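Let me begin by presenting the structure, written as structure tokens, before commenting on it.
The values are calculated or read from the model by the stated rules, or taken from the named source; none is laboratory data. Since this is a predicted model, take the numbers as computed values, not measurements. Cβ coordinates were reconstructed from backbone atoms using ideal geometry, including for glycine residues, and neighbour counts include every protein chain displayed. Remember, those area values only see protein heavy atoms, side chains included, never the ligands or the DNA or RNA. Shrake-Rupley method; radii C 1.70, N 1.55, O 1.52, S 1.80 Å.
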Amino acid sequence: MITSLDDAYDALRGTGWLGFTPRPFLFLPLLRTRFLSVLVSGQQMDPGWASRFGVECFSAEELTRMRDEAGGRSDLEHLLPRAGDLLSRRWRGHRLALASYGQWWPEWRAALAGSGVHVQPPPAGPLPDVLTDKTCMRPWLRSLHVRTPADTVTARLDHVSLRRRFGSPYVVQQPRGTGGHGTHLVRDERDLGRIPPGGPWLVSRCADGVPVNHHGLVGSDGTV
């Protein structure tokens, strides 16, 4: 059980770690501990990171000389054909533990294993719906006394009734998705028509003003 930063340092010390992320700044807290051996990212790291944090850096932007502001899988795919060759120069035969901000896709595991670089993802069990399904997450957040916008879950998107209930614009979200994927701001029928078929959807009142994010940590024993 990790209950302090000292416990975290003890758990990380002595292990080679590969960081995998669309945007490298997301790993700054871990980079400052100097436990990462390799950082693979979509966007390029700032100059001086390699020497400052003692990490070997590889990025898709460095190869393509183009920055994909959206980040994600499509960006990292540019690096995949050369990833095995680049990493095997120094890390062939080594076993690296994985620290991934987002998904660790099977094609990366296969490419690096074929080059002799062994990346070990952490054991991961199935996540509860309250952490992956927005229609379950919203009432769970309210049970923790987190203020949330007014909302409803619906299998049918009717613009007239939704506008009457939530005003204009309102927000329609697919139950699963991160980083804005599957989230739609609806002002009129045309906006509603651009939403892919499916459902159910979480429909919410659009909150004006400055957005505030609440962050929480859920332990493996379910403690929030």
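Return the residues of region 170-203 that are open to solvent by less than 50 Å² (accessible area, probe 1.4 Å) and in contact (Cβ under 8 Å) with a residue 60 or more places away in the chain; say none if nothing qualifies. Leu202 - this is the single residue of region 170-203 that is open to solvent by less than 50 Å² (accessible area, probe 1.4 Å) and in contact (Cβ under 8 Å) with a residue 60 or more places away in the chain.
Scan region 2-17 for residues that are free of Cβ contacts under 8 Å to residues at least 60 places away in the same chain and within 18 Å of Tyr101 (Cα to Cα) and the total you get is 2. Return yes or no: is Ser168 within 26 Å of Glu189 (Cα to Cα), outside any loop (DSSP other than H, G, I, E, B) and of a type in the set (Gly, Ala, Ser)? No: the conditions fail for Ser168.
For region 143-151, the criterion of being surrounded by 12 or more Cβ atoms within 10 Å (Cβ to Cβ), out of contact with any helix residue (DSSP H, G or I) (no Cβ under 6 Å at 6 or more places or on another chain), among the polar types (S, T, N, Q) and closer than 28 Å to Tyr101 by Cβ is met by no residue.
Which residues, taken from region 169-182, are of a type in the set (S, T, N, Q) and out of contact with any helix residue (DSSP H, G or I) (no Cβ under 9 Å at 6 or more places or on another chain)?
If we filter region 169-182 for residues that are of a type in the set (S, T, N, Q), which is where we start, we get 173-174, 178.
Within region 169-182, Thr178 is the sole residue that qualifies.
Among residues belonging to region 56-111 that are aromatic (Phe, Trp, Tyr) and not in a strand (DSSP E or B), point out the one that is most open to solvent (accessible area, probe 1.4 Å). This residue is Tyr101.
Every test in (1) surrounded by 12 or more Cβ atoms within 10 Å (Cβ to Cβ); (2) within 20 Å of Leu144 (Cβ to Cβ) is passed by Val212 save one, and that test is (1). If you go through region 12-44 and keep only what is assigned to a strand (DSSP E or B), open to solvent by less than 10 Å² (accessible area, probe 1.4 Å) and not small (Gly, Ala, Ser), you end up with Leu18, Phe20, Thr21, Leu36, Val38, Leu39, Val40. Against the conditions (1) over 30 Å from Ala83 (Cβ atoms); (2) at pLDDT below 95; (3) of a type in the set (Gly, Ala, Ser), Gly180 satisfies every one except (1).
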